[in-house]
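First the structure, in the form of structure tokens, and then the observations on it.
The values are calculated or read from the model by the stated rules, or taken from the named source; none is laboratory data. Quick caveat: nothing in here was measured; it's all calculated off a predicted structure. Heads up, the Cβs are rebuilt from the backbone with ideal geometry, glycines too, and the neighbour counts pull from every protein chain shown. Keep in mind that these areas ignore ligands, DNA and RNA; they rest on the heavy atoms of the full protein, side chains included. Shrake-Rupley method; radii C 1.70, N 1.55, O 1.52, S 1.80 Å.
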Amino acid sequence: LSCHVEHPAAGYKKIFETVEELNEPISAKITGIIPSWLSGSLLRMGPGLFEVGDEPFYHMFDGQALMHKFDLKNSQVTYYRKFIRTDAYVRAMTENRVVITEFGTAAYPDPCKNIFSRFFTYFRGIEVTDNCLVNIYPIGEDFYAVTETTYITKIDPDSLETLKKVDLSKYLSVNGVTAHPHADADGTIYNIGNCFGKNMSLAYNIIKIPPAQTDKSDPIEKSQVVVQLPSSERLKPSYVHSFGMTDKYFVFVEQPVKINLLKFLSAWRIRGTTYMDCFESNDTMGTLFHLATKDPAVYLSTHKFRTSAFNLFHHINTYEEEGFIIVDLCTWKGHDFVYNYLYLANLRGEWEEVKKAAMRAPQPEVRRYVLPLDIHREEQGKNLVALSYTTATAVLESDGTIWLEPEVLFSGPRQAFEFPQINYSQYGGKKYSYAYGLGLNHFIPDRIVKLSVQTKETWVWQEEDCYPSEPLFVPTPGATEEDGGVLLSIVVKPGAERPGFLLVLDATNLMELARAEVNTIIPVTLHGMYKRRA
């Protein structure tokens, strides 16, 4: 990988600037040839409003949720975007200030209100944000924009209108769910979230939302917790951003980045505290892997896996083979929390400053861990992994735990392979060969990478002064190869005449097939989905 790429012009600052929404879709100028079978919409979520009045948002995950859509139809492409009408957004617009505390930005009481109304706000407790800027996914026949709280927002994927706010905690015992659910082929959705129950007992709940109902009722009303995984620390759940799922198993990685519950519950009484202030690192626990079976869903308390400390946001894929579970992850080494480095001031710095900050941050690495299922008959001290194609090891310790060492699939100093995607519809939870990701260069997204998880070979798309986003894989209808299809990414090229474009790459070799350029800057997007035309 070309790690020497520099960004002295600092064009990346542009992807962290406020934009206006559009009144109607605008048409794109196409160069190259968009495959004729590609007919649908690329839907993406990200922050789009980075200050309200004269009050700034401070963290990358604070900007107000903006939904983007590139529509592909009869070889024509249009681009459209709209802010989601969340409570956080509507109230900010109404009062021209930050009203609801976001991930890294505190909301202060309105200075114009009198002491009594301030006093009441103080006792009303937590107002949890519904700023759904992270991802969008289908539940049944509907589409929801999500963040990591229990609030999800139903949207219309065609008009981008906001339909309604749904509180999952009305139906499920969870205090938040991730923005990275898994789906079975029939549309059943699985997700994981923290739950703090009676007398502060703490657990992680895996939830299940059934597919579209024949009687047209809302599947969310029939959602349930299927299995509960214990927390290793009583008052400090680990931060959870995604999890692994195969046909038969769930894999949950408990990392040393913790939410201090007591701080969290009291934080809201202290002026100026944010979610970020409630995180801390446990520098002695390392990282734990938990397993549960899927059907019936049972926690495997007998299997205790441990390894050294890392931060984890994204699972790439998980599959089972010959009595082993293979878990591929985008890790960041150590227990220092990566989100500490994602404040906007950090990301908007001059290039030399950005590089300096990234030097201090945890270092990224793509790793493969292998978990043996059969652990009873083995003697301790011996590597239990008997798969020919991996160097990952698992060793039984005297205390009955199993110590894991990974195989490194990709590593480059301050060069991350992140926001991973695979051919999910055919290879999710199954043995696979390829992952596609966004290359972060000192946290700045500047390339798209394809990684062979078998040979470790990489392919790269990169262009000067271009800042791409997570590449989504769309399979060619009837394709027989795993990588038969295209990658779709929204790219920003700040100096260009048409600075925002949809990039279409051939997934086999990352050669450009087409780009559809629009005359507007598009801010950073986090995750999204491709919706085929019905």
Restricting segment 271-285 to residues that are free of Cβ contacts under 8 Å to residues at least 60 places away in the same chain and either surrounded by fewer than 17 Cβ atoms within 10 Å (Cβ to Cβ) or not small (Gly, Ala, Ser) (or both), the residue that is nearest to Val370 (Cα to Cα)
Met285
Given the criteria among the small types (Gly, Ala, Ser), open to solvent by less than 10 Å² (accessible area, probe 1.4 Å), at pLDDT 95 or above and more than 28 Å from His182 (Cα to Cα), does Ala416 qualify?
no
Can you pull out the residues in segment 393-413 that are in a loop (DSSP other than H, G, I, E, B) and either touching a residue at least 60 places away in the same chain (Cβ under 8 Å) or surrounded by fewer than 15 Cβ atoms within 10 Å (Cβ to Cβ) (or both)?
Glu397, Ser398, Asp399, Gly400, Thr401, Pro406, Pro413
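Could you run through segment 43-93 and say how many residues are of a type in the set (Val, Ile, Thr) and either modelled with pLDDT under 95 or touching a Pro at 6+ places or on another chain (Cβ under 7 Å) (or both)? Step through it out loud before you land on a result.
Of the residues in segment 43-93, the ones of a type in the set (Val, Ile, Thr) are 52, 77-78, 84, 86, 90.
Subsequent filtering for residues that are either modelled with pLDDT under 95 or touching a Pro at 6+ places or on another chain (Cβ under 7 Å) (or both) retains 78.
Final tally of qualifying residues: 1.
Scan segment 58-105 for residues that are of a type in the set (Gly, Ala, Ser) and closer than 19 Å to Ala179 by Cα and jot them down.
Once the filter is applied, which keeps residues that are of a type in the set (Gly, Ala, Ser) and closer than 19 Å to Ala179 by Cα, segment 58-105 yields Gly63, Ala65, Ala88, Gly104.
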Within segment 184-204, how many residues are farther than 21 Å from Glu254 by Cα and either open to solvent by 40 Å² or more (accessible area, probe 1.4 Å) or acidic (Asp, Glu) (or both)?
5
Taking Val90 as meeting all but one of (1) buried (at least 22 other Cβ atoms within 10 Å of the Cβ); (2) outside any loop (DSSP other than H, G, I, E, B); (3) more than 20 Å from the chain's Cα centre (by Cα), write down the number of the exception.
(1)
Go through segment 9-33 and give me each residue that's under 25 Å from the mean Cα position of the chain (by Cα) and of a type in the set (S, T, N, Q).
Thr18
Of the conditions (1) farther than 27 Å from Gly286 by Cβ; (2) in contact (Cβ under 8 Å) with a residue 12 or more places away in the chain, Pro256 fails just one. Which one is it?
(1)
Residues in segment 133-159 that are of a type in the set (Val, Ile, Thr), in contact with a Gly (Cβ under 7 Å, 6 or more places away or on another chain) and open to solvent by 10 Å² or more (accessible area, probe 1.4 Å): how many?
2
If I filter segment 287-307 down to residues being under 28 Å from His527 (Cβ atoms) and of a type in the set (Gly, Ala, Ser), which single residue comes out as surrounded by the most Cβ atoms within 10 Å (Cβ to Cβ)?
Ala292
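Restricting to segment 318-338, name every residue that is outside any loop (DSSP other than H, G, I, E, B) and open to solvent by 10 Å² or more (accessible area, probe 1.4 Å). Give the derivation first.
Filtering segment 318-338 down to residues outside any loop (DSSP other than H, G, I, E, B) leaves 318-321, 324-333, 338.
Scanning segment 318-338 gives Glu320, Glu321, Phe324, Trp332, Lys333.
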